[in-house]
1. Expressed as a rounded percentage, what relative contact order does the chain have, with Cα pairs under 8 Å and six or more residues apart?
2. Using the count of nearby Cβ atoms within 10 Å as a rough guide to exposure, how do 59, 34, 29, 151 rank from fewest to most?
3. Would you please classify the overall shape of region 119-158 from the alpha carbon gyration tensor, given that a ≥ b ≥ c denote the square roots of the eigenvalues, rounded means a/c under 1.5, and beyond that prolate means a/b larger than b/c while oblate covers the rest?
4. Among rounded, prolate and oblate, which fits region 1-62 when a ≥ b ≥ c are the square roots of the eigenvalues of its C-alpha gyration tensor, a/c under 1.5 means rounded, and a/b larger than b/c means prolate?
5. How long are the three semi-axes of the equivalent ellipsoid for the chain, computed from the Cα gyration tensor as the root of 5 times each eigenvalue, in whole Å, largest first?
6. Among 20, 56, rank each residue by its count of other Cβ atoms within 10 Å, from fewest to most, as a rough exposure measure.
7. Is the shape of region 72-158 best called rounded, prolate or oblate, per the rule: a/c under 1.5 gives rounded, else a/b larger than b/c gives prolate, else oblate, with a ≥ b ≥ c the square roots of the Cα gyration tensor eigenvalues?
8. Using a 10 Å cut-off on Cβ atoms, rank the peptides 121-127, 7-13 from the highest mean neighbour count down.
């Protein structure tokens, strides 16, 4: 598979997964968190499909497209571990999380996701959903949308 085809498959899986996750938590009160702002595409999509919900964003640096800058009070800038602890201490009730942190090296990305998993668990409300580009540990994995291959994206319930 070409890198272009792989990227298109990943982005479609991400979009379908986010929309699936929001349907799964429909009726629950709480916020959404996007872990890994990057250029802001996912955050921008969440603003459209999760309207009415507070969307927290975590990233070490702000380097997104100017139209995708989150409100200052919702952007937690810094290293993931510190920002997850800050979010947990805020008392926010997270019902859906999108995990997209990464260094671009598979082994390093998987290890980081495993290391951060307990801190992610600390921010999640019971019955919440996690949509993740990396495998997480300590959560119940579930089948996501039928349009997404199980080896492309990971889905969890808390």
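Quick note: the coordinates plus some simple rules give every number you see, no bench work behind them. Keep in mind that this is a model prediction, so the values were computed, not measured. We place every Cβ from the backbone using ideal geometry, glycine too, and count neighbours over all the protein chains shown.
1. Relative contact order, the chain: 25 percent.
2. Ascending Cβ contact count within 10 Å gives the list 151, 29, 59, 34.
3. Cα axes put region 119-158 in the prolate bin.
4. Since a/c reaches 1.5 but b/c is at least a/b, the shape of region 1-62 is classed as oblate.
5. Its equivalent ellipsoid spans semi-axes of 21, 18, 17 Å.
6. Fewest-to-most ranking of 20, 56: 20, 56.
7. oblate
8. 121-127, 7-13
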